[in-house]
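All of the numbers you see were taken from the coordinates with simple rules; none came from a lab. Nothing here was measured: the structure is a model prediction, and the numbers come from that model. As a convention, Cβ positions derive from the backbone with ideal geometry for all residues, glycine included, and neighbour counts pool all protein chains shown.
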Amino acid sequence: MYAPKNNKIGLICKPSKGGASLGLEKISMVLSKHNIGLASSPKYISNPLVVFADIEKSDIDFVVAVGGDGTMLMASKYSSNKGVPLLGINMGRIGFLSEIEIDNFETALIKMYSGDYVLNKRMMLNSVDSGKSFNSLNDFTVYKSSFTEILDLGIEIDGIYAGRVFCDGLVVSSPTGSTAYSISAGGPVIAPGLDVIIITPICPHSLAFRPIVASADAIINLTVYSGGSFAADGTFIRELKENEMISVKKSEYTCDFIELSKKNIYSLIRDKLT
């Protein structure tokens, strides 16, 4: 069991998000009540009355994300890099990845520091581009550079040619990402506990190429014959030139979600995505 020892949490939120200021105020009061320190950054906390340490330089016990699923994706970088669990507090529209609502934070905090929770280890993906390593919780996406263009893409899985597709883009996703962009593009829902890589075309110009579920240990090579754009978890990385190849594989990092109660992913999909 994970044992917290620093008596400090890291907080990631969007100051511009509706209700974020109120959420931050509640969290600060709860942390002060339990003598737990706070680490964050000025880009996440704009309230001058909230005292916090630099999250980049601080040893923390947990990362807490306040917002929607986009905030969870930002927070996952800190959680995985620092090797500490992540708790999501939903203040967004869907909150598919979040565990609790803001009013339940104090109860959750007590459970976190007493070890009364389960760690749900989420597989992440990795791509090394121009010597820089990128990790993503949800997905890597290759997409066409402009509205009027079309993406011409070749796909290899562990060195085996899997096809060539003309499309608007292609999503390479983790099991967590199977319920994000991939599912919107027609990809499958992955049952909890399965580690796989999902390859889902976006608006393919052929019915012959369908989503592929590959082994978690597979190396996915994408050759962009037409040029395009490359993104990780929805964040733009760079433009791709013609005939460039991008590789995606399982990351050595995981993101450990705090689970306070058992979730039914299928009910969540019905409730959150309908």
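Looking at the chain, send over the antiparallel percent of its DSSP beta bridges, to the nearest 5.
75 percent
Fewest Cβ neighbours within 10 Å first, please rank T254, T223, T148, T107 accordingly.
In order of increasing Cβ crowding within 10 Å: T148, T107, T223, T254.
From Cα pairs below 8 angstrom and at least 6 apart in sequence, can you work out the relative contact order of the range 8-116, rounded to a whole percent?
27 percent
Is the C-alpha gyration tensor of the range 8-116 telling us rounded, prolate or oblate? Criteria: a/c under 1.5 is rounded; beyond that, a/b larger than b/c is prolate, otherwise oblate.
Rounded.
Answer with one residue from T254, N90, P175: the one whose Cα lies farthest towards the positive end of the charge dipole of the chain, charges on Cβ with Lys, Arg +1 and Asp, Glu -1.
Farthest along the dipole direction, towards plus: N90.
In terms of Cα to Cα distance under 19 Å, which lysines are near enough to K14, apart from those fewer than 8 places away along the same chain?
Straight-distance partners of K14: K26, K43, K77.
Could you list, in their original order, any pairs among K82/K249; K121/K144; K111/K132; K82/K250 whose Cα atoms are separated by more than 26 Å?
Beyond 26 Å between Cα atoms: K121/K144; K111/K132.
Based on the mean of other beta carbon atoms within 10 Å per residue, what is the order of 81-87, 7-13, most packed first?
Averaged packing, sorted descending, gives the order 7-13, 81-87.
Across 5 Å bins from the origin, how do the percents of Cα pairs in the range 1-72 run, short distances first?
Taking all Cα pairs of the range 1-72, the binned fractions are 3, 16, 29, 27, 16, 6, 2, 0 percent.
Put +1 on the Cβ of every Lys and Arg and -1 on every Asp and Glu Cβ in the range 121-265; which of V196, A232, F140 then has its Cα farthest towards the positive end of the dipole?
My answer, from the dipole projection, is V196.
Could you work out the Kirkwood radius for the range 125-251, taking every pair of different alpha carbons, averaging 1/r and inverting it, reported in Å?
14.1 Å
Please provide three numbers in whole Å: the alpha-carbon extents of the range 49-103 along the principal axes, with the largest listed first.
32, 29, 16
Starting from the coordinates of the alpha-carbon atoms of the range 193-265, obtain the Kirkwood hydrodynamic radius over all distinct pairs and give the value in Å to one decimal.
One decimal place: 15.1 Å for the Kirkwood radius.
Reachable aspartates and glutamates from K33, Cα under 20 Å, same-chain residues fewer than 8 places away excluded?
E25, D61, E101, D103, E106, D116
Taking Cα pairs under 8 Å and at least six residues apart, what relative contact order does the range 125-251 come out at, in percent?
Answer for the range 125-251 is 31 percent.
Only helical DSSP H runs with n ≥ 4 go in: add -39500 (n - 2.57) per run for the chain, normalise by residue count and round the 222 nm mean residue ellipticity to 500 deg cm²/dmol.
Result for the chain: -5500 deg cm²/dmol, rounded to the nearest 500.
Starting from 0 in steps of 5 Å, tell me what percent of the Cα-Cα pairs of the chain lands in each bin.
1, 6, 13, 16, 17, 14, 12, 10, 6, 4, 2, 0
R210 to N47: extension gain in nm, 0.36 nm per residue of separation minus the Cα-Cα distance?
Value of the extension gain: 53.9 nm.
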